[in-house]
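Chemist: Input: one structure, supplied below.
The values are calculated or read from the model by the stated rules, or taken from the named source; none is laboratory data. Predicted model only: the values in this text are computed from it and were never measured. Heads up, the Cβs are rebuilt from the backbone with ideal geometry, glycines too, and the neighbour counts pull from every protein chain shown.
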Amino acid sequence: MQSIVLKNCRAVVPEGILENASIVIEDGLIGEIGGRAPAGAEIIDLEDRLLLPGFIDIHNHGAVGIDVNGVERADELFEIGRFLAGRGVTTWLPTLVPDSDETYRRVIAAVGEAVRAQDNMPVARIAGVHYEGVFANTQMCGALRPEFFRTFTGGEVNELPTLADGVHLTTLAPEIAGGIELVGELRRQNWIPSIGHTRADAETLERAFAAGARHVTHLFNAMTGAHHRELGVAGWALTKDEISCEIIADGIHVHPQMLLLALHAKPADRLLLVSDSVAPTGLGDGEYELWGERITVTGGRTQNERGSIAGSVITMLDAVKTYLRLGVTPACVSRMASNNPARLIGLDRTHGTIETAKRADLVALDERGNPVLTMVGGRVV
């Protein structure tokens, strides 16, 4: 692979912003930062643009008309991946909602095929899968279909199809029958358990924490909120420093001031941006079929026939822009969009920051926050 030098950029590195930086890319990895260009290297002048590590989306149900639950072939996932790469996402977890065993088998087979073929594709790379809400509380179903919810009696994790290699994350309500035992079993099988779609009380949440739960799915949404006489799931998550929380920064799922409240309450390395995007993302307003019912998208807000918000139509780029508009520094936003999710899914040794020897997964943004370059594994895509 030819060496590439990204010169004249404002690079967001762990220490802050490195002005007038040059980044050497060799064999798909970040080489010397600030060094001389190797002989014969391709030079890309970023003209003082902001360079960040590529965004990592751990909660994504689809885009450009393609629903992850409806996927049959790897090329459908690649189509989503091309769209995401164009918006700065370099790694993602296709996210399934509760469905039939047949659907799970079909989708996981397609994801496995995509993982095996993606190395030379100009797309955001798939790092694993996220099963959202298979073990959820029916009172907090949101847009999920409770007829597919399950409880845990000992073997249900083994019934979920898995990838031969990759991250496996699942969102669960610890108060369901067998919920605490489920958390322990997921940890034993190297899954990442995430608390969500839940009404659990503080005692149950503490038991889930003791069993190994360390993450919360879409903070504030599909969970009980904080109250001055009742901690609620959101209150517990905000005050438990060891817990990381993902948050949907579209200004619809969570009010902008609540986005800032979350950042003030949580340590900076414990808040993650996600899109929670659904198939209509990228298609504009209109009516669509999703998860067995009709949904509408109006002014960027989704709504199903039951009146619930049905995911978002944003990308990680939109979430990043939201926090930047709120006055949060690029270095902090970068942690939320890249380093923190990389650490949650165990990729932080190779992904998530601009440092020597890490994967050259990068995005350059212009002064309006729009991507002018996305690089995946050292290739401009």
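Chemist: Sort through Gly232, Gly251, Gly225 and tell me the only one that's of a type outside the set (Val, Ile, Thr), surrounded by 15 or more Cβ atoms within 10 Å (Cβ to Cβ), under 27 Å from Gln303 (Cβ atoms) and over 20 Å from the mean Cα position of the chain (by Cα). Please lay out each step first, then the result.
Modeler: On the way: Gly251 fails: over 20 Å from the mean Cα position of the chain (by Cα); Gly225 fails: surrounded by 15 or more Cβ atoms within 10 Å (Cβ to Cβ).
Answer to the selection: Gly232.
Chemist: So is Arg335 within 22 Å of Ser194 (Cβ to Cβ), within 19 Å of the chain's Cα centre (by Cα), surrounded by fewer than 23 Cβ atoms within 10 Å (Cβ to Cβ) and in the same structural domain as Arg87 (by TED's automatic domain parsing) or not? Steps first, answer last, please.
Modeler: Values: within 22 Å of Ser194 (Cβ to Cβ): yes; within 19 Å of the chain's Cα centre (by Cα): yes; surrounded by fewer than 23 Cβ atoms within 10 Å (Cβ to Cβ): no; in the same structural domain as Arg87 (by TED's automatic domain parsing): yes.
Against the criterion (within 22 Å of Ser194 (Cβ to Cβ), within 19 Å of the chain's Cα centre (by Cα), surrounded by fewer than 23 Cβ atoms within 10 Å (Cβ to Cβ) and in the same structural domain as Arg87 (by TED's automatic domain parsing)), Arg335 does not qualify.
Chemist: May I pose another question? Between Ile33, Ile17, which is surrounded by fewer than 18 Cβ atoms within 10 Å (Cβ to Cβ), out of contact with any helix residue (DSSP H, G or I) (no Cβ under 7 Å at 6 or more places or on another chain) and not assigned by TED's automatic domain parsing to the domain that holds Glu132? Walk me through it before giving the result.
Modeler: Details: Ile17 fails: out of contact with any helix residue (DSSP H, G or I) (no Cβ under 7 Å at 6 or more places or on another chain).
Of Ile33, Ile17, the one residue that is surrounded by fewer than 18 Cβ atoms within 10 Å (Cβ to Cβ), out of contact with any helix residue (DSSP H, G or I) (no Cβ under 7 Å at 6 or more places or on another chain) and not assigned by TED's automatic domain parsing to the domain that holds Glu132 is Ile33.
Chemist: Of the residues Ile314, Ile309, only one is modelled with pLDDT of 95 or more, farther than 26 Å from Asp119 by Cβ, aliphatic (A, V, I, L, M) and assigned to a loop (DSSP other than H, G, I, E, B); which? I'd like the intermediate steps shown before the answer.
Modeler: On the way: Ile309 fails: modelled with pLDDT of 95 or more.
Selected residue: Ile314, the only one of Ile314, Ile309 that is modelled with pLDDT of 95 or more, farther than 26 Å from Asp119 by Cβ, aliphatic (A, V, I, L, M) and assigned to a loop (DSSP other than H, G, I, E, B).
Chemist: Pairs under 6 Å by beta carbon, first residue more than 14 Å from Gly346 (Cβ to Cβ) and basic (Lys, Arg) in the stretch 190-206, partner modelled with pLDDT under 95 and not in a loop (DSSP other than H, G, I, E, B), six or more apart or different chains?
Modeler: Listed pairs, sorted by first residue: Arg199/Gln139; Arg199/Met140.
Chemist: Right, next: Tell me, which strands (runs of 3 or more DSSP E) lie completely within the stretch 1-107 with 1 or more residues that are closer than 24 Å to Ala331 by Cβ and in contact with an Asp or Glu (Cβ under 9 Å, 6 or more places away or on another chain)?
Modeler: Numbers: elements: 4-13, 16-26, 29-33, 42-45, 50-53, 55-60, 89-96.
Output list reads 4-13, 16-26, 29-33, 50-53, 55-60, 89-96.
Chemist: Tell me which of these Gly40 doesn't satisfy, since it passes every other one: (1) farther than 30 Å from Gly292 by Cα; (2) within 29 Å of the chain's Cα centre (by Cα); (3) in contact (Cβ under 8 Å) with a residue 12 or more places away in the chain.
Modeler: Evaluating Gly40 over (1) farther than 30 Å from Gly292 by Cα; (2) within 29 Å of the chain's Cα centre (by Cα); (3) in contact (Cβ under 8 Å) with a residue 12 or more places away in the chain leaves (2) as the failure.
Chemist: In addition: Name the single residue, out of those in the stretch 263-283 being of a type in the set (A, V, I, L, M, F, W, C) and more than 30 Å from Glu293 (Cβ to Cβ), that is modelled with the lowest pLDDT. Before you say what the answer is, go through the steps one by one.
Modeler: Within the stretch 263-283, the first condition is being of a type in the set (A, V, I, L, M, F, W, C), and the residues that meet it are 263, 265, 268, 271-274, 278-279, 283.
Within this subset, residues satisfying the condition of being more than 30 Å from Glu293 (Cβ to Cβ) are 263, 265, 268, 271.
Values: Leu263: 96, Ala265: 96, Ala268: 87, Leu271: 98.
Across the stretch 263-283, the extreme among qualifying residues is Ala268.
Matching residues to (1) surrounded by fewer than 24 Cβ atoms within 10 Å (Cβ to Cβ); (2) acidic (Asp, Glu); (3) assigned to a helix (DSSP H, G or I):
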| residue | (1), (2), (3) |
| --- | --- |
| Asp318 | yes, yes, yes |
| Lys321 | yes, no, yes |
| Gly327 | yes, no, no |
| Arg368 | yes, no, no |
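Chemist: Taking the stretch 185-207 only, how many residues are more than 16 Å from Cys141 (Cα to Cα) and either buried (at least 16 other Cβ atoms within 10 Å of the Cβ) or of a type outside the set (Gly, Ala, Ser) (or both)? Working first, answer last.
Modeler: Here is the first cut: in the stretch 185-207, the ones more than 16 Å from Cys141 (Cα to Cα) are 185-193, 201-207.
Imposing the further condition that a residue be either buried (at least 16 other Cβ atoms within 10 Å of the Cβ) or of a type outside the set (Gly, Ala, Ser) (or both) reduces the set to 185-193, 201, 203-207.
Selection size over the stretch 185-207: 15.
Chemist: Let me ask something additional. Considering only residues that are within 28 Å of Glu147 (Cα to Cα) and basic (Lys, Arg), look in the stretch 262-301 and name the one that is farthest from the chain's Cα centre (by Cα).
Modeler: Arg294
Chemist: Go through the residues of the stretch 59-76 one by one and say whether even a single one is outside the structural domain of Thr171 (by TED's automatic domain parsing), of a type in the set (D, E, K, R), modelled with pLDDT of 95 or more and surrounded by fewer than 18 Cβ atoms within 10 Å (Cβ to Cβ).
Modeler: no
Chemist: Among the numbered criteria (1) farther than 17 Å from Ala319 by Cβ; (2) in contact with a Gly (Cβ under 7 Å, 6 or more places away or on another chain), which single criterion is violated by Thr91?
Modeler: Answer for Thr91: the failing condition is (1).
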